Amino acid sequence: MTDTSMDTRFRVDGMDCASCATKIDTATRRIDGVEDVSVSVVAGTMTVRHRPGVELGTIVSKVKSLGYQAQILKSGAGGEPAEPAAALDKHAGHDHDHKHDDDGDQPKGNHDYDGDKPKGADKRSGLHGHDHSLDEGPWWKTSKARLTIICGLAIGAAFVLSWFQPAYSMWIFTVAMLVGLVPIARRAFVGAINGSPFTIETLMTVAAVGAVFIGASEEAAVVVMLFLVGELLEGIATGRARASIKALATLVPKVALVEVDGRTTEVPAEQVEVDSIVLVRPGDRVPADGTIVSGESAVDEAPVTGESVPKRKGEGDQVFAGTVNQEGTLRIRVTAAAADNTIARIIKLVEEAQESKAPTERFIERFSRYYTPGVMIVAALIAIIPPLAFGQSWDEWIYKGLAVLLIGCPCALVISTPAAIAAALSAGARRGLLMKGGAVLEGLGKINHIALDKTGTLTEGKPKVTDIVGVGRTEREVLSLAAALEVGSSHPLASAILGKAKEQGLEPQGAGAGGAVGGKGVVGKIGNDELFLGSPRAAAEKAALPADLESRITALNDEGKTVSVLLVNNEIAGVIAMRDELREDAKEGIAALKRIGVEPVMLTGDNKRTAAAIAASLGIEPRAELLPEDKQRIVNELQAEGKIVGKVGDGINDAPALAAADIGIAMGGGTDVALETADAAVLHGRVLDIANMIVLSRATTSNIVQNVTISLGLKAFFLVTTVMGITGLWPAILADTGATVLVTANAMRLLAWKGIEK
């Protein structure tokens, strides 16, 4: 049966903790026709898998009923809202486009917007409900901030009034408390009827109401105030992580100068088509991925690759969207549409990765489902058993039970893993390290053996001329004649010779009467001279090779180089050696892997002599002359030995091994098949970044352990002190809020991760 299910992504504003995500997830799953839901707090997105008949407006309305704002995202990376929430309520299931202003968040047109909400459309300050959204703009202008300020003012006024009217202080503080508690209680009620009865709002409501009944209304009011402050701080911290992804989207300029018939026209960057020619002036950002057609300049790639030193770029070189042209004017042929450029791919993969859950995160979420009801049961037992069984004071133990209820809030524990993973994914993306989800991020740190492809992974993937030996002629003459034979050829070895000629300022004229001699080489004629360029064996059939030259050729072959011999009128004129050279940082990258305890091995389909030469220069073990199934077999053999294996490659022939490995890593610039099959990708092709990816994973795991320790440690400490009567309601809520803020702030440290420096 054909699967007709479809995925729709929504932007959800106002989520600041895992409790928010759980409520939205649970409520959305209850809608008929919804099959699966994935919510990312840090990305501020929700992906819903549903049957085609489901009205999207129903989903938006359900999310809105919980106190959040939802908008459908257009397809594509970092998609913009396709329809405001209010409009979707009226036009369920339809997708309308709006023009956006510079920050891309507020649609313009016939709607009048305040943040993300139409004016007059269920706009709540917190007194008559609660808009859980973090509106665009400064934090102090958000609805959360307004509610917190109003509640603070009410409590301040209550302290003043109770000073003058002490007899009514309990009622005064109760009224002040209700200013903040009513929106919280409303959210608890809505969550309960939508399948989430055990939320932090429920715990807070029960604790605050219980405190009033035992005469602790003043403490109840302050506890509610501290809870609102904590939520506001959580929102600000989460917003920082979310902003790190939005910042990527702002790297691409809004407009591009498109050249048509010699004239330039300003066009929105998102509308630039593939194969268009765009003009990039000094100081401008490159508007799209492309290849330089003409011009030369230094290009600052730091926004995309993290490299601090600008790279010289010229005709034929690739440039990325979002990089900065520093010197000369460049004409660039666009090679990828806006939705497929480097920045868009990074955003898309990171957002998808943030929505997938790591094993640790899934475990903690399952644990929290039982943990929260368990806390309520323990709090109830603490409140009831001592008075009933031992004749203790009801007020004292109910107070302690309420404090335990607040201490038990699971927010800090549940956010400990996703916050760290989201921050790590964002930090990695800024360096071109893409990991497809939390499970991959966690798994990378466990790798202890890594299999690397040679061509295109450890090497540049294209041969270069390394040696020129003249026999009775200068090296320049040998190169010029060889290049004349290769003019017009697209063979990799021909490209290497032509590239070397260009590098030395030679402009060879194509040889006449030329052509290829099957399996032997190429022939041609310049003036009265007949030229031949081919393998040593083919050349030996036409002219005897001197012993010293044969020795030199053998030595070059032993270094893994391909040798071509040039003949002029059947006399030896020279030798040209070529090799696919190592990437600039290959040695450094392999050394870094060894330093962190990962054993590298090279897998290649190339001949044993070339493989041995390359491996020897890197100090690693080579496995050569392998077919794709051989690479997969070797990965399986390593796994059978109990090793956690990573596989790095860039070609179609690497796909089986990439899929078989515990973690498959595709090198940047590789084939789409490799990128799709792999679990992670090193976008900018640096061998050192393979080690960086593993180091980032281990740093994230360490951060998660710290977060869980902070969360459970603070709870355990205050649980003991509360039962002993040392601490009460105020410290209890501070323990919960403080732990959540500490955990989030600790996770955000990963945003500043720099990796192994060169």
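Readers should treat all values here as calculations from the given coordinates under stated rules, not as data from a laboratory. Note that this is a predicted model, so its numbers are computed, not measured. When we count neighbours, we look across all protein chains shown, and the Cβ atoms used for this are built from the backbone with ideal geometry, even at glycine.
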Please report ARG49, ARG537, ARG431 as a ranked list, fewest other C-beta atoms within 10 angstrom at the top and most at the bottom.
-> ARG537, ARG49, ARG431
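Apply 1/(1 + (r/R0)^6) to the Cβ-Cβ distance of ARG366 and MET724, taking R0 = 56 Å, and write down the FRET efficiency to the nearest 0.05. All intermediate terms of the calculation are to be shown ahead of the outcome.
Numbers: r = 32 Å, r/R0 = 0.56.
Rounded to the nearest 0.05, the efficiency is 0.95.
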How large is the convex hull of the Cα atoms of the stretch 255-340 per residue, expressed in Å³ as a whole number?
-> 80
Fewest Cβ neighbours within 10 Å first, please rank VAL258, VAL598, VAL404 accordingly.
-> VAL598, VAL258, VAL404
In whole µm²/s, the translational diffusion coefficient that Stokes-Einstein assigns to the stretch 461-582, given a Kirkwood hydrodynamic radius over C-alpha pairs, 4 °C and 1.567 mPa s, equals 92
Relative contact order (percent) for the stretch 255-340, with alpha-carbon contacts under 8 angstrom and 6 or more residues of separation?
-> 37
Taking a label point 7 Å from the Cα of ALA547 along Cα-to-Cβ, the residues of the stretch 556-599 whose backbone nitrogen sits under 11 Å from it are none
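Find the relative contact order for the stretch 461-582 and round it to a whole percent, using C-alpha pairs within less than 8 Å whose residues are 6+ positions apart.
Answer for the stretch 461-582 is 33 percent.
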Estimated inter-spin distance, VAL260 and SER393, nm [label 7 Å along Cα→Cβ] | 8.3
Expected sort for THR740, THR721, THR28 with the fewest Cβ neighbours (10 Å cutoff) up front is THR721, THR28, THR740
Square roots of five times the Cα gyration tensor eigenvalues for the stretch 524-615, Å = 37, 13, 10
Could you please state, rounded to a whole Å, how far the C-alpha centre of the stretch 523-564 is from the C-alpha centre of the stretch 17-41?
-> 69
In nanometres, what is the gap between the two model label sites at GLU507 and ALA555, each 7 Å from Cα along Cα-to-Cβ?
-> 3.7
Are any of the pairs LYS608/LYS631; LYS64/LYS144; LYS647/LYS754; LYS464/LYS594 more than 20 Å apart by Cα-Cα distance, and if so, which?
-> LYS647/LYS754; LYS464/LYS594
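Fully extended, how many nm does the chain gain between THR474 and THR709 (0.36 nm per residue separation, minus their Cα-Cα distance)?
77.5 nm
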Over the stretch 565-676, what is the relative contact order in whole percent, taking alpha-carbon pairs under 8 Å and six or more residues apart?
-> 15
With the label point 7 Å along the Cα-to-beta-carbon line of ALA616 and a cut-off under 16 Å to each amide N, the hits in the stretch 534-553 are 551-553
Computed over the stretch 402-506, the Cα gyration tensor eigenvalues, each multiplied by 5 and square-rooted, give semi-axes in Å (largest first) of 60, 13, 10
